[in-house]
1. In the set M218, M239, which member is farther than 28 Å from A79 by Cα, crowded, with 17+ Cβ neighbours inside 10 Å and in contact (Cβ under 8 Å) with a residue 12 or more places away in the chain?
2. I'd like to check something: does the stretch 2-22 contain any residue that is open to solvent by less than 40 Å² (accessible area, probe 1.4 Å), touching a His at 6+ places or on another chain (Cβ under 8 Å) and either of a type in the set (D, E, K, R) or modelled with pLDDT of 50 or more (or both)?
3. Would you check if there is a residue in the stretch 27-46 being at pLDDT 95 or above, in a loop (DSSP other than H, G, I, E, B) and of a type outside the set (A, V, I, L, M, F, W, C)?
4. Any residue at all in the stretch 98-119 that is closer than 25 Å to D170 by Cβ and among the charged types (D, E, K, R)?
5. Exactly one of these conditions fails for I220: (1) modelled with pLDDT under 95; (2) touching a strand residue (DSSP E or B) at 6+ places or on another chain (Cβ under 6 Å). Give me its number.
6. As an exercise: evaluate C249 against (1) modelled with pLDDT of 85 or more; (2) open to solvent by less than 10 Å² (accessible area, probe 1.4 Å); (3) in contact with a helix residue (DSSP H, G or I) (Cβ under 9 Å, 6 or more places away or on another chain) and give the number of the one condition it does not meet.
7. Got a number for residues in the stretch 173-193 being loosely packed, with under 15 Cβ neighbours inside 10 Å and either among the small types (G, A, S) or over 23 Å from P139 (Cα atoms) (or both)?
Amino acid sequence: MPGSRFGYRSLMTLLVLGTSAVLGCAPETPSSTASTQPAAAAHPDLSGVWMAFAVENPDGGGNAPQYSAEGQATLDTFAAQFSSIPEAGAWCYGTGMPSVMLSTVSYPVEIVQNASRLVMLAELEMQLRRVYLDGRAHPEDFLSQGVGHSVGTWDGDTLVIDTTLLSEWDVRPWPRTEQTHIVERVHLTKLGDITARATGFVASVEKPINDDVLVVEMAITDPTLYAGPQRRTAYYQRMSDTATLEYACSAEHWLEQLEKNRVSQ
């Protein structure tokens with residue numbers, strides 16, 4: 001099933017992991033969420049395995065981005081060059097930010113936090129984000145990439161993540177240029193303190209281990225692509241640390257090529 005949690009995993013991986021691991025039937029032990037990395041004592045520890053269960057548009061109007069006239073023309077021109085645009089995930093290609101943080105197709109994100117940085121390990125296409133907490137600025141000699149370059153500062157109990165230096169991406173729904181800028185405000189709350197609830201699909205994958213919720217309030221701006229700031233709020237539930245699997249998408253392509261190269265006996 002394209003875009004689903006298990007759609008691109010190789011048959012070999014599924015056989016090794018077994019049916020129970022694939023279905024997420026992991027023991028719900030509180031100790032499984034303990035981080036092995038020390039967090040800064042003065043700030044909340046966001047470490048753990050999290051799975052997005054809902055995304056909302058605080059400005060209303062649905063979650064589809066609102067493009068500027070220039071942005072719409074840019075996307076139309078790009079799309080007109082091709083008979084169709086293949087789904088990136090079907091070819092093991094990570095779409096980067098902001099899509100990796102707004103996906104609700106049940107791929108978890110593991111956060112490892114210490115005093116100098118916060119690392120996000122997304123199962124979806126095995127994408128990796130590093131958020132530097134040591135006071136550094138964005139560099140001037142950094143190669144742009146899909147997840148960009150991120151620095152974080154604390155505003156009380158909220159982590160403010162500033163992401164720039166993003167590579168160009170002309171594909172809907174979340175295109176980027178080198179002018180794209182993303183700001184996230186991340187904090188912890190409880191399920192009872194929010195109105196968002198999991199969709200039936202996400203809720204059926206695996207049960208969260210408690211009522212912790214990680215809230216990611218995101219603002220995406222680009223003067224050429226979007227009709228003003230695009231704000232979205234993603235809600236993540238805390239999962240067992242056995243919820244993350246290897247994203248073995250490319251193994252299938254390798255095995256197909258290997259079979260094509262088989263020497264006739």
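The values are calculated or read from the model by the stated rules, or taken from the named source; none is laboratory data. What you are looking at is a predicted structure, and each value in this text was computed from that prediction instead of being measured. With ideal geometry, Cβ positions are generated from the backbone for all residues, glycine too; neighbour counts draw on all protein chains shown. Each accessible area value is taken on the protein alone, full model and side chains, heavy atoms only, with ligands, DNA and RNA left out. Shrake-Rupley method; radii C 1.70, N 1.55, O 1.52, S 1.80 Å.
1. Exactly one of M218, M239 is farther than 28 Å from A79 by Cα, crowded, with 17+ Cβ neighbours inside 10 Å and in contact (Cβ under 8 Å) with a residue 12 or more places away in the chain, namely M239.
2. No - not one qualifying residue is present in the stretch 2-22.
3. yes
4. No, the stretch 98-119 contains no residue that is closer than 25 Å to D170 by Cβ and among the charged types (D, E, K, R).
5. Among (1) modelled with pLDDT under 95; (2) touching a strand residue (DSSP E or B) at 6+ places or on another chain (Cβ under 6 Å), I220 violates only (1).
6. Of everything listed in (1) modelled with pLDDT of 85 or more; (2) open to solvent by less than 10 Å² (accessible area, probe 1.4 Å); (3) in contact with a helix residue (DSSP H, G or I) (Cβ under 9 Å, 6 or more places away or on another chain), C249 misses just condition (1).
7. 5
Quick grid of which residues meet (1) under 17 Å from V55 (Cα atoms); (2) in a strand (DSSP E or B):
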| position | (1), (2) |
| --- | --- |
| L188 | yes, yes |
| R197 | yes, no |
| K207 | no, no |
| M218 | yes, yes |
| R232 | yes, yes |
| T244 | no, no |
